[in-house]
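Everything on this sheet refers to the single structure shown next.
Just so you know, all these numbers are worked out from the coordinates, no wet-lab data involved. This is a predicted model, so every value here is computed, not measured. Neighbour counts are summed over all protein chains in view; Cβ atoms, including those assigned to glycine, are modelled from backbone coordinates with ideal geometry.
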Amino acid sequence: MPNRRRHRRIKMPPLMEGFKPFGIPMHNLEPVVLLYEEYEAIRLADYENLTQEEAAIRMDISRPTFTRLYDKARKNIAKAFIEGKAILIQGGTYITDDYWFRCFDCNEVMITIKPVKQCRKCYSENIKQLNSLNNEE
């Protein structure tokens, strides 16, 4: 019997919702989805330069699980680069300790300990919650 699927701990959301090839309108692009936990694996291993063991501890998952996430993330990014596809960062099986919000007027990403109703930068109410605490997608 397989082990239960553990939620992966994510420290912070990406500053953007994704990437697209330069000069091609988004409606002409097929997207590749990069899950939040795959983004976190790339952030920890490549940006923060942690070993896979250290990154796995931070995400509260096993080292083999981290390796699978990291490999899948790299393959998705490579596919997008080689095939000229957009990368959308969304979804997954993860938990957070904070609430994440994005303002659609100034594009500010906010990390808060409690829900908010307006942007702290431009005071707009045009915000969206990116996760729910201890996300269960």
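Of the chymotrypsin sites (Phe, Trp or Tyr not before Pro) found in the stretch 74-137, those that fall in a DSSP loop while having at most 14 other beta-carbon atoms within 10 Å are Phe104, Tyr123.
Placing +1 at every Lys and Arg Cβ and -1 at every Asp and Glu Cβ, with all other atoms neutral, what dipole size does the chain have around its Cα centre, in debye to the nearest 20? Don't skip to the answer; put the middle values down first.
Details: 22 positive and 19 negative charges, 39 e Å.
Dipole of the chain, to the nearest 20 debye: 180 debye.
Note on the chain: along the principal axes its Cα atoms extend 47, 39, 31 Å, ordered by decreasing extent. Amide H contacts of Tyr94: Arg8, Glu137, each under 5 Å away and 5 or more positions distant or on a separate chain (H built 1.01 Å from N in the peptide plane; Pro and chain starts excluded).
Straight-distance candidates among the lysines for linking to Lys114, with alpha-carbon spacing under 22 Å and chain neighbours fewer than 8 residues away dropped: Lys11, Lys128.
Applying the criteria of a DSSP loop state and at most 16 other Cβ atoms within 10 Å to the trypsin sites (Lys or Arg not before Pro) of the stretch 1-88 yields Arg4, Arg5, Arg6, Lys11.
For the stretch 1-62, run through the GluC sites (Glu not before Pro) and keep only the ones in DSSP coil with at most 16 other Cβ atoms within 10 Å of their Cβ.
Details: sites: Glu17, Glu37, Glu38, Glu40, Glu48, Glu53, Glu54; in loops: Glu17, Glu48.
Sites meeting the loop and neighbour criteria: Glu17, Glu48.
Result for the chain in a Gaussian network model with C-alpha springs under 10 Å: among Leu50, Leu34, Leu88, the largest mean-square fluctuation is at Leu50.
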